[in-house]
Every structure is written in C-alpha cells, then in structure tokens.
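Heads up, the thing below is written out as structure tokens.
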Amino acid sequence: MKKKAPVVKNQEFDATVIDLTYEGNGVVKVDDFPIFVANAVPGEEIRVGITKVAGTYAFGRVIKTLKESADRNKEVDVATLTTGIAPLAHLNYDAQLRFKQNQIQELLRSNTLMLKFLRRLVWKTQQDIVIRHKFQRVNCVVN
C-alpha cells in the first residue's frame, strides 16, 4: 500500500537542513520523507514552503532563514543561484571542497562492489575462452 506524503503543496513549516543532493539542493526530512530545497545549506534552520509533491519526495523553497550556517557563502549573487550555472555557489569554498570530496568517496564506495563483480566476470569469461580454445572452438561469451 502506498504511503501518503506527509506534506502538501503550499504548506509551510520550520526544519533543519541535514544534507545536500548531488545537485546542491538542501535536504529536509519530515517523517523520513525527503524534501529538496534550493539554496539551503546543511545545518541551517529554515522555514520551508512546499512547491511540488511527488510520490516519494517533494520540492520546496526557503521562505525564511531562521539560523544561518557557517558554510553559507554570503557574497553570492542571486542571479547566479537562479540560473543554475553554479549549483554550489551558496556554499563557501571550504564547504564546496568537502562536498566534492564526499561525492567522490561515495562514488568509489558504491562502485567497489561493481568492480569486484566485473573482475569476476572478466576472469570467468577469459577462463571460458581458454577452455573452449583447447577444444579448437573459440566463442565470445557474453553474460
């Protein structure tokens, strides 16, 4: 049975930003339901206005910043944020570096299992070709 979203469009509430998406949007959760908020920095307390609700997530906007994060870039131009050309412009330089380092670490961690699987697949395929070659029959094996 599909669970109903705990938020509705145009609803406003106070929340703490807990994370960033890979696109640089802040993440707020209500009952483990993620809400992606543009121009929000982890650690900030904000008033969120819901702009769109989907089945498993929602989008929101910052209505008011109640407590600003130390990682916020205060010198960013609003046009830079709204055009999308610099999705991390709302973060100061050190926070951008930490964010990028974390992204790389997560990619490497998630791809480690895939690399192990591919190594086994290649080894098995090479072994299969050698065995078949001994019988004077070489076939390309695709699994």
Cα-Cα pairs above 22 Å in region 1-115: how many percent? 38
Pairs of alpha-carbon atoms within less than 8 angstrom and 6+ residues apart define the contacts here; what relative contact order does region 1-75 have, in percent? 29
Take the cross-link list K52/K74; K9/K29; K64/K100; K3/K64; K3/K29 and give me the ones stretching past 22 Å between alpha-carbons. K52/K74; K64/K100; K3/K64
Region 1-106: which GluC sites (Glu not before Pro) are DSSP loop and have at most 11 other beta-carbon atoms within 10 angstrom? E23, E75
Total formal charge among the other residues, if their Cβ is under 11 angstrom from that of G43, Lys/Arg +1 and Asp/Glu -1: -3
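Each value in this text was obtained by applying a stated rule to the coordinates, not by laboratory testing. Not measured: the values here are computed from a predicted model. Cβ coordinates were reconstructed from backbone atoms using ideal geometry, including for glycine residues, and neighbour counts include every protein chain displayed.
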